[in-house]
1. Calculate one ³J(HN,Hα) per residue across the range 23-32 by plugging θ = phi - 60° into the Karplus curve 6.51 cos²θ - 1.76 cosθ + 1.60, and present them in order as whole Hz with x for glycine and proline.
2. Would you work out which of Y30, N51, M1 lies farthest towards the positive end of the dipole of the chain? Charges go on Cβ: Lys and Arg +1, Asp and Glu -1.
3. Just from its helices, what would the mean residue ellipticity at 222 nm be for the chain, if runs of 4 or more DSSP H residues each count -39500 (n - 2.57) and the sum is divided by every residue, rounded to the nearest 500 deg cm²/dmol?
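Derivation of every value follows stated rules applied to the coordinates shown; laboratory data play no part. Not measured: the values here are computed from a predicted model. Note that we place each Cβ from the backbone using ideal geometry, even for glycine, and neighbour counts take in every protein chain shown.
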Amino acid sequence: MKSFRIAVGILAIIPLSMIVDSLFFHPEFYEYGSLGELLYPIFGIPILIFNMWAWIHPEIIEFYFLGKDKQP
């Protein structure tokens, strides 16, 4: 599980860099109807959701992706 957290944490650089890019460097790339507007929901949001699951609810990742079931 630790290696999964590290891998997904490294992938979190992608959506965070897209946010910084849209706020400070190239806001015209993320305007209405542009490619950047479409790329963030496709790549950024799933990576951030996997990060949330890996750090807050790791049992979801273990059950669905690693096949471990913790029965009380």
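1. 7, 10, 9, 10, x, 5, 6, 10, 6, 4
2. Selected residue: M1.
3. Working: 5 runs with 42 residues, N = 72.
Rounded to the nearest 500, it is -16000 deg cm²/dmol.
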